[in-house]
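Structure first, commentary second.
Since every read-out is calculated from the coordinates, none of them should be taken as a lab result. All of these numbers come straight from a predicted model, not from anything done at the bench. FYI the Cβ positions are ideal-geometry reconstructions off the backbone, even for glycines, and counts take in every protein chain you see.
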Amino acid sequence: MRVDLDLPENLGAEVTAGATRNYLAFRASSPKPAREADHHRHLLRFYVARTLARSGYHTLLVRPVVRVGQRRLRVDVAARRGTQVVLALCDHPETTPETTPETLATLSVLTRADHVEVLLVRHATSGIDADLCRRLRAQFALPEFRLVSVALPPFDDPLECDTWIYAETLREGVP
């Protein structure tokens, strides 16, 4: 199935590569959703957007709606470089202890998407959950699906986060 990022719902969801230079610039360009009490999930979005911007992706969308076939899904980050599309779903175990049924359903739909790389980004608190790897074995058997662990700063203050982020570590998990 074809993936479409060019939807009217995504007006205002695009961030520039310059907005990924630090977390405060990112928050100014793409504010943290009010319903999210802490910054953890939004920091994961920042990490992904920053990494994709540095990898040459020019279209960066934060919290966009994407159309896969006839289904509309919300993802945390979407990026496009030419014909290459990356979609990222961000989970934070402290705010969402387990991967939600919504995320699992989204991953199931994305399995049928054509020419899309899918990232499940999780906070690397205690390694990669073996149960999660077992439940998502079918998705992660595909080369387009990857599980990524990210170490987040141990505090919530955005100014401290910017200082700490320069020592960031992205580790790819192998299910």
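Tabulated values for the structure
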quantity	calculated
Under the Karplus curve 6.51 cos²θ - 1.76 cosθ + 1.60, θ = phi - 60°, whole-Hz ³J(HN,Hα) for region 46-61, x wherever Gly or Pro sits	4, 4, 5, 4, 5, 4, 5, 4, 5, 8, x, 6, 9, 8, 10, 10
Farthest positive-ward along region 8-107 dipole, Cα basis, beta-carbon charges - from ALA88, VAL15, VAL75	VAL15
Shape category assigned to region 1-82 from the gyration tensor of Cα positions, a/c cut at 1.5	oblate
